[in-house]
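Novice: Can you read through this structure? Questions will come right after.
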2 protein chains.
Amino acid sequence: MASLNRQIILDRLPQGPLTADVFRLAESQMPAPGEGEVLLRTLYVSIDAAARAWMLGPTYRAALNAGDLMAGVALAEVIESRAPGLKKGDLVFAETGWQEYAAVPAKGLTVLPRVEPLSHLVSVYGVPGLTAYFGLLKCGLPKSGETVAISAAAGAVGIFVGQIARLKGCRTVGIAGGPEKCGLLTRELGFDAAVDYKAAGNDARAIHAALHAQAPDGVDIYFDNTGGPVMDACLFSMRPFGRIVCCGAVSNYDGRPPYRAMGVPGMIVTRRLTLKGFIVSDFNDERAAAIDELWGWVEAGKIAVREDVVEGFENLPDALIGLLAGENVGKRMVKVA
Amino acid sequence: MASLNRQIILDRLPQGPLTADVFRLAESQMPAPGEGEVLLRTLYVSIDAAARAWMLGPTYRAALNAGDLMAGVALAEVIESRAPGLKKGDLVFAETGWQEYAAVPAKGLTVLPRVEPLSHLVSVYGVPGLTAYFGLLKCGLPKSGETVAISAAAGAVGIFVGQIARLKGCRTVGIAGGPEKCGLLTRELGFDAAVDYKAAGNDARAIHAALHAQAPDGVDIYFDNTGGPVMDACLFSMRPFGRIVCCGAVSNYDGRPPYRAMGVPGMIVTRRLTLKGFIVSDFNDERAAAIDELWGWVEAGKIAVREDVVEGFENLPDALIGLLAGENVGKRMVKVA
């Protein structure tokens, strides 16, 4: 076993868009698990846009501070256990932070099955797949024949929202940046239409016009991963009694001044909309059943999985910076070991 | 019977805050009801902030145009009927517009009881009372012990929201402009606390601080009549899984550039909020039962009714202008006859 543990430290808080120089590589001694803890080897670190929001202030977790080990969750393997219920070789998903080894409390950890490929535990059977599943089905409440618009549609969550909506008989319009992503949505992932928000200059009115061309009768469900001008564009396309699933606000995370919505609350009132925010852990009780259903869809070829796996521990900062710039298709993760 | 019918015409569309000179007094011949119509004498014209929004563009009704009879609803008396089911002397609530007499289709009109005073048909048993009732109970879903914040709390809808919330066992914080209104809320209308948004300079952060002082554990339900900085202030005070009832956006109606919300969608996601827009007519099926319950509360002295009755047909424009400036307490209406 290695005796050193590589870590990435958030050396200082970014003041604007995230750059690599706020991070610092460090080496520490291999951590030793205490009673009730397990020692984990990090396999795949999940790269999440929310990580940028953690640097801005408290959210559903405490804010990150300068000097902290960079936070993050990972698929990891138990290499030493001092806790009942977990043994060497078990796979878990845990808050390891950006480091090769982590000693963490065993409480709350669940042993995951060894699926092939393992990375699916981080994408379709992990937070992105479950977020899409619960957000669309429990908050969006899709009915067959409805039109569903999705922002960041080629992202980790978006690709599954569109595919699940289609399985439920909905017409799907994906909103993504650039012709490559838009082409992927309609050609490979079964979206009925795509809107390129970058071609519309990321301007709410221009995006609205492009969306209107693809959904002239309006949108019943808008699955919002971005906030910002795309959300405003969609607000003005909503049909009466439409639902907006508020899943994330990636457009606001990366040090830009927060975009201020025009259509709030005017459109909410006149169109009688429901906006619902959620976090995937709100549905933990239904997690096992959801994974079963996702598993069935993937095995039957009804849902295609796209992942964006970056190799190498040292590439963690660039992987996050690139994610915030929108360069990934599907779930981005870093393979560490 | 008078042979002339006074009308107020929207002579041109306002470009900024509403002023009296966009209106013009006109006289026309007494209208004659056609087959299936009734001739109405206008008694009390309801003064609604939404009237300003109708001048901005289509909402739940068509936009008003220059030269149109000014739109509005009124309590009116049937003076001639050419329709089955309605007879002379019946009271109805109808879209008469701003005129002394109106010939309108009888379809959709309901005979109202002659309550004492008649003005209660325009306030507690009319749109404001029902809006408060359905918005709070059907969209806000209050539970005993929760904290409810209400904007425009001394307005037509707000006074009833606060009183119904209190009947349901909630703690109520009214947000209103000026010490007079705030004092009325706590001294006469049973609100537990009041926040003066004008004293806070109508600034979202300052309002938030004042609200936090009155609701340090946060807000479970925010009943939004205003949008704007008050809504933003409340967004940042919401407790997890809180509900926001989107009832109106009076802060945006009167020709000011629309306020752009800061907390959308960030707070919606992290606090897992539900925002729900509605219009009172969405609940028409439950109207009779709601009026019965409101009646019982008023008769038992559990709900106090405050009205702001302006006398005289010619005062209609000033009544609306003053309402938009926030000078009313309770439902404003103009007694025409």
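Novice: Distance in whole Å from the A-onto-B rotation axis to the closest C-beta of chain A, together with the residue it belongs to, please.
Specialist: Result for the axis mapping A onto B: A:Arg260, 1.
Novice: Shifting gears a bit: Give the residue from B:Gly296, B:Ala213, B:Val309 lying farthest towards the positive end of the charge dipole for chain B; charges sit on Cβ (+1 for Lys and Arg, -1 for Asp and Glu) and the dipole is referred to the Cα centre.
Specialist: B:Ala213
Novice: Given chain B, what percent of its DSSP beta bridges are antiparallel, to the nearest 5?
Specialist: In chain B, approximately 55 percent of DSSP beta bridges are antiparallel ones.
Novice: Over the range A:185-225, what lengths in whole Å, largest first, do the semi-axes of the equivalent ellipsoid take, defined as the square roots of 5 times the eigenvalues of the alpha-carbon gyration tensor?
Specialist: Its equivalent ellipsoid spans semi-axes of 17, 14, 10 Å.
Novice: Starting from the Kirkwood radius over alpha-carbon pairs of chain B, derive D by Stokes-Einstein at 25 °C in a medium of 0.890 mPa s and give it in µm² s⁻¹.
Specialist: Values: Rh = 20.6 Å.
Estimated diffusion coefficient is 119 µm²/s.
Novice: Taking the Cβ of A:Met238 as the centre, find all other residues whose Cβ is under 14 Å away and add up their charges (Lys, Arg: +1; Asp, Glu: -1).
Specialist: After counting each charged neighbour, the total is +1.
Novice: What accessible area, summed over both chains, is buried at the A-B interface (1.4 Å probe, Å², nearest 100)?
Specialist: Looking at A and B, the buried total is near 2500 Å².
Novice: Can you work out the accessible area per residue across the range B:212-337, with the rest of the protein chains kept in place, probe 1.4 Å, in square angstrom?
Specialist: Roughly 38 Å² per residue, with all protein chains present.
Novice: Taking the Cα centre of each part, how many Å lie between the range A:286-317 and the range B:129-154?
Specialist: 42
Novice: Hey, which lysines would be in cross-link range of A:Lys302, C-alpha to C-alpha under 16 Å, not counting anything within fewer than 8 residues on its own chain?
Specialist: Within reach: A:Lys168.
Novice: Past 30 Å, Cα to Cα, is the threshold; run A:Lys143/B:Lys276; B:Lys143/B:Lys335; A:Lys138/B:Lys198 against it and keep the listed order. Show your work: numbers first, answer last.
Specialist: Numbers: A:Lys143/B:Lys276 19 Å; B:Lys143/B:Lys335 38 Å; A:Lys138/B:Lys198 40 Å.
B:Lys143/B:Lys335; A:Lys138/B:Lys198, as the Cα separations exceed 30 Å there.
Novice: What are the lysines whose alpha-carbon lies under 17 Å from the alpha-carbon of A:Lys331, with same-chain residues fewer than 8 places away excluded?
Specialist: Partners within reach: A:Lys181.
Novice: Looking at chain A, identify the longest residue range that excludes and avoids all GluC sites (Glu not before Pro) in DSSP loops having at most 15 other Cβ atoms within 10 Å.
Specialist: Within chain A, the longest run free of exposed GluC sites (Glu not before Pro) spans A:36-326.
Novice: Straight-line reach from B:Lys87: which lysines fall under 18 Å, measuring Cα to Cα and dropping same-chain residues less than 8 apart?
Specialist: Partners found: B:Lys107.
Novice: Quote the charge dipole size of the range B:40-141 about the Cα centre in Debye, to the nearest 20; the model charges only the Cβ of Lys and Arg (+1) and of Asp and Glu (-1).
Specialist: Approximately 240 debye in magnitude.
Novice: Given Cβ point charges of +1 (Lys, Arg) and -1 (Asp, Glu) and nothing else, what value in debye, to the nearest 20, does the dipole of the protein assembly as shown about its Cα centre take?
Specialist: 360
Novice: Same structure again: Would you work out if the range B:156-251 is rounded, prolate or oblate? Take a ≥ b ≥ c from the square roots of the eigenvalues of the alpha-carbon gyration tensor; rounded if a/c is under 1.5, else prolate when a/b is larger than b/c, oblate otherwise.
Specialist: Note, shape of the range B:156-251 comes out rounded.
Novice: Follow-up question, since we're still on this one. Residue farthest toward the positive end of the dipole of chain B, with Cβ of Lys/Arg at +1 and Asp/Glu at -1: which of B:Leu118, B:Thr186, B:Ala66?
Specialist: Of the candidates, B:Thr186 comes out farthest on the positive side.
Novice: Just the Cα atoms of the range A:193-315: what Rg and Dmax do they give in Å?
Specialist: Using the Cα atoms of the range A:193-315, the pair Rg, Dmax is 17.3, 51 Å.
Novice: Out of the total accessible area of the range A:185-337 (probe 1.4 Å, heavy atoms of protein only), what percent is carbon and sulfur?
Specialist: 49
Novice: Ignoring the sites themselves, what is the longest stretch of chain A with no trypsin sites (Lys or Arg not before Pro) in a DSSP loop and at most 15 other beta-carbon atoms within 10 Å?
Specialist: No qualifying site falls inside A:199-301, the longest such stretch.
Novice: Which whole-number percentage describes the relative contact order of chain A, with Cα contacts under 8 Å and a sequence gap of 6 or more? Write out the running numbers ahead of the final one.
Specialist: Details: 760 pairs, mean separation 59.1, N = 337.
Reported relative contact order: 18 percent.
The values are calculated or read from the model by the stated rules, or taken from the named source; none is laboratory data. Please read these numbers as outputs of a predicted model, since none were measured by experiment. Backbone-built Cβ (ideal geometry, glycine too); neighbour counts: all protein chains shown. To get the accessible areas, we keep the full protein, side chains included, count just its heavy atoms, and leave off ligands, DNA and RNA. Shrake-Rupley method; radii C 1.70, N 1.55, O 1.52, S 1.80 Å.
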